[in-house]
C-alpha cells in the first residue's frame with residue numbers, strides 16, 4: 001500500500017490555542033470588576049463583592065500600584081492576604097472568603113477575553129504561620145554544592161540560591177540580569193511595588209552568573225518552579241520531619257511533613273530575612289533590601305524557631 005503523503009510545512013489558518021491566549025489583551029482589574037458586579041447588581045452578591053473591592057482598592061493605594069488583569073498572580077494574592085491579616089487585622093476565615101471572590105473575578109475576566117496570570121489559581125490562605133520554613137546557612141551550602149542534579153535541576157537550584165541571597169520575590173529574583181549588577185551590589189526595581197532595592201552581591205550569586213555566561217538560568221512559571229524545587233530539595237536530602245499543630249474542622253491535630261515538602265519559591269525570601277536576623281543585622285537595614293513597608297508584615301517573614309531564639313540569647317552576657 002502506498003504511504004499517505006501530505007505537506008508538513010503548511011498549517012493554513014490553524015493556530016495553537018496557547019498562541020491565542022498569550023496574545024490576549026489586559027485591562028485595569030478594578031475597572032473590570034466594578035463593571036462586572038454592577039451587571040450582577042443584586043443585594044447580597046453586590047455587597048459582598050463591593051467589600052472585597054473596597055479592600056483591594058485600599059491595598060492598591062497602600063502599595064502605590066494599580067493592577068491589570070494579567071498582573072494578579074500567586075505572589076500578589078499572597079501579599080494581599082498578608083496585608084489583610086497583618087495590617088488590617090482581619091480573621092483568616094474572612095480573608096478566605098475574600099480570596100475566593102477575588103479568584104472568581106479573575107476567572108470572569110479571563111472568560112470575558114482578558115489576559116490573566118494563570119498562577120492566581122495556586123494562591124491559598126494558609127491558616128498556620130508555623131507551616132512556613134526557612135533554610136539555615138548550612139542547608140543553603142548543602143543544596144548549592146550537591147552533586148548529582150540534572151542540568152535542569154541545577155538551573156532550578158541556582159535560581160533558588162539567588163533568591164536566598166537577595167531576599168526578593170520570585171518575580172524579581174528570577175529575572176535578574178547582568179544589568180542589575182553594579183560594582184559589589186545588585187540594584188533592583190521591584191516589579192510589584194516599583195521600589196528600588198540594593199542588595200550586596202555575594203559569592204554564590206557571582207558564581208551563578210558566571211556559570212550561565214553573565215545571566216540567570218531560564219525563568220520558569222512559578223507553579224512549575226514550586227514543584228521543581230521540592231524535588232531538588234528531596235534529592236539533596238532535606239527530609240527532616242517538621243511537626244506542627246493545625247486546626248481542622250474545629251479540632252487541633254498534629255501534622256508531620258518532610259521539610260522538602262514545605263519549600264517553595266517564597267522560602268528563599270523567608271530564608272534571607274531569618275538569616276539576616278540570626279546574624280544580628282538590624283531589621284530596618286534588611287527591610288531596605290526586601291522592600292517591606294510594614295514592620296508587622298516583615299516580622300512574619302522571620303522564621304527563627306524558639307530554639308534558635310534561645311541559642312541567640314544564651315551568650316548575651318546575662319544568661320551565662
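I'm trying to understand the selection: among the residues of the range 183-194, which are farther than 19 Å from residue 281 by Cβ and surrounded by 11 or more Cβ atoms within 10 Å (Cβ to Cβ)?
187, 189, 190, 191, 192, 193, 194
Identify all residues within the range 82-131 that are touching a residue at least 60 places away in the same chain (Cβ under 8 Å) and at positive phi; write none if there are none.
Scanning the range 82-131 gives a single hit, 113.
Which ones in the range 23-34 are surrounded by 12 or more Cβ atoms within 10 Å (Cβ to Cβ) and more than 17 Å from residue 51 (Cβ to Cβ)?
Across the range 23-34, the qualifying residues are 24, 26, 27, 28, 31, 32.
Please give the number of the condition residue 78 fails out of (1) in contact with a helix residue (DSSP H, G or I) (Cβ under 7 Å, 6 or more places away or on another chain); (2) under 21 Å from residue 291 (Cα atoms); (3) surrounded by 14 or more Cβ atoms within 10 Å (Cβ to Cβ).
(1)
Could you tell me whether any residue of the range 44-58 is touching a strand residue (DSSP E or B) at 6+ places or on another chain (Cβ under 8 Å) and modelled with pLDDT of 85 or more?
Among the residues of the range 44-58, not one is touching a strand residue (DSSP E or B) at 6+ places or on another chain (Cβ under 8 Å) and modelled with pLDDT of 85 or more, which makes the answer no.
The values are calculated or read from the model by the stated rules, or taken from the named source; none is laboratory data. What you see is a predicted model, and the numbers here were worked out from it, not measured in a lab. Every residue, glycine as well, gets a Cβ built from its backbone with ideal geometry; the counts of neighbours run over all protein chains shown.
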